[in-house]
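The values are calculated or read from the model by the stated rules, or taken from the named source; none is laboratory data. Only a predicted model underlies this, so the values are computations on that prediction, with no experimental measurement involved. Virtual Cβ from ideal backbone geometry, glycine too; neighbours counted across all protein chains shown. Note: accessible area is taken over every heavy atom of the protein model, side chains too, but ligands, DNA and RNA are not part of it. Shrake-Rupley method; radii C 1.70, N 1.55, O 1.52, S 1.80 Å.
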Amino acid sequence: MPLRLLVTRPQPQADAWVARLRASGIDALALPLLAIETVLDLSELHTAWQELPGYALVMFVSPNAVSHFFAARPAQIAARGWPAGTRAGATGPGTLQALQMAGVPAALCVAPPGDAPQFDSAALWAQLRAESWTGREVLVLRGDGGRDEFAAQLRSAGAAVHFTQAYHRGPAVLTSAEQMRLSQAIAAPASHLWWLSSTEAIGYLPQLAPGAAWSRALALASHPRIAERAREVGFGHVFEAAPTLDALRDGLAQIEACLQSSPP
């Protein structure tokens, strides 16, 4: 029997991915584990927009960073467009697509290639490290804190790196339908595949499903770091695939074939 893929990304990304997956013939349902909220004080985002032309690079950690940054753009700045001297950095194809849909010219976007083995800040840095960064200003737009390796690499290369919080993260509040999906997935682990794309989101699972056993659960992680976190929580069967539609389709087919020959 085909596996049902549980998309755990925050909304509205979860529903968008479910639509793409279903159009590709994959049985998928949204089960967000992480909630994204607007920051209460937009003054730092407004300041970032005012200072945007002074940055050589603005790095967006996720599509959420893009959507919340552009939602906070002051009206008087919107008509100017994206400054020609500022590049926009993306860690993966979803963030790159969000930037281009927001109006950032493709020529000013930098991201890992579409066939990169993984999509993260290290892959983005691989596209930038050959340049001279001495004396250049970089802005990183992210949620509540995060990993600082990218900033450390830029600072080692001579850049001045600044951070601005674009959104707030927290555990999802499940709807009744989502709560039912969670219960069904726990009760029938062999027929559900958790698509995991955030270490923080995985950490909320014990809170969302107290006492649940994960040893028979199946997970598909979008990064080795996420796969490691899933194993720490207790997932008994963890696979990896890049967060692209083709990689997901291929990964799902391989997992189903593996399970048919050796059921969990």
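Some values worked out for this structure:
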{"quantity": "The chain, accessible area per residue, ligands and nucleic acids excluded (1.4 Å, Å²)", "calculated": "46 Å²"}
{"quantity": "The range 189-258 - percent of accessible surface contributed by carbon and sulfur, probe 1.4 Å", "calculated": "50 percent"}
{"quantity": "Accessible area of the range 118-188 belonging to carbon and sulfur atoms, whole % at 1.4 Å probe", "calculated": "50 percent"}
{"quantity": "Estimated FRET transfer efficiency when R0 is 30 angstrom, pair Gln50-Ser191 (beta carbons, to 0.05)", "calculated": "0.05"}
{"quantity": "Inter-centroid distance (Cα atoms) of the range 40-82 relative to the range 113-129, Å", "calculated": "23 Å"}
{"quantity": "Rounded to the nearest 10 Å², the accessible area of Trp214 at probe 1.4 Å", "calculated": "20 Å²"}
{"quantity": "Relative contact order %, the chain, counting alpha carbon pairs below 8 Å whose residues are six or more apart", "calculated": "20 percent"}
{"quantity": "Percent RCO, i.e. relative contact order, over the range 9-160, from Cα pairs under 8 Å lying at least 6 residues apart", "calculated": "21 percent"}
{"quantity": "Rough spin-label spacing in nm, given labels placed 7 Å along Cα→Cβ, for Phe163 and Ile77", "calculated": "2.0 nm"}
{"quantity": "The chain - share of DSSP beta bridges that are antiparallel (%, nearest 5)", "calculated": "10 percent"}
{"quantity": "The range 89-103 and the range 132-176: distance between their alpha carbon centers, rounded to Å", "calculated": "16 Å"}
{"quantity": "Convex hull volume of the chain per residue (C-alpha atoms, cubic angstrom)", "calculated": "132 Å³"}
{"quantity": "Estimated FRET transfer efficiency when R0 is 30 angstrom, pair Ser43-Glu137 (beta carbons, to 0.05)", "calculated": "0.95"}
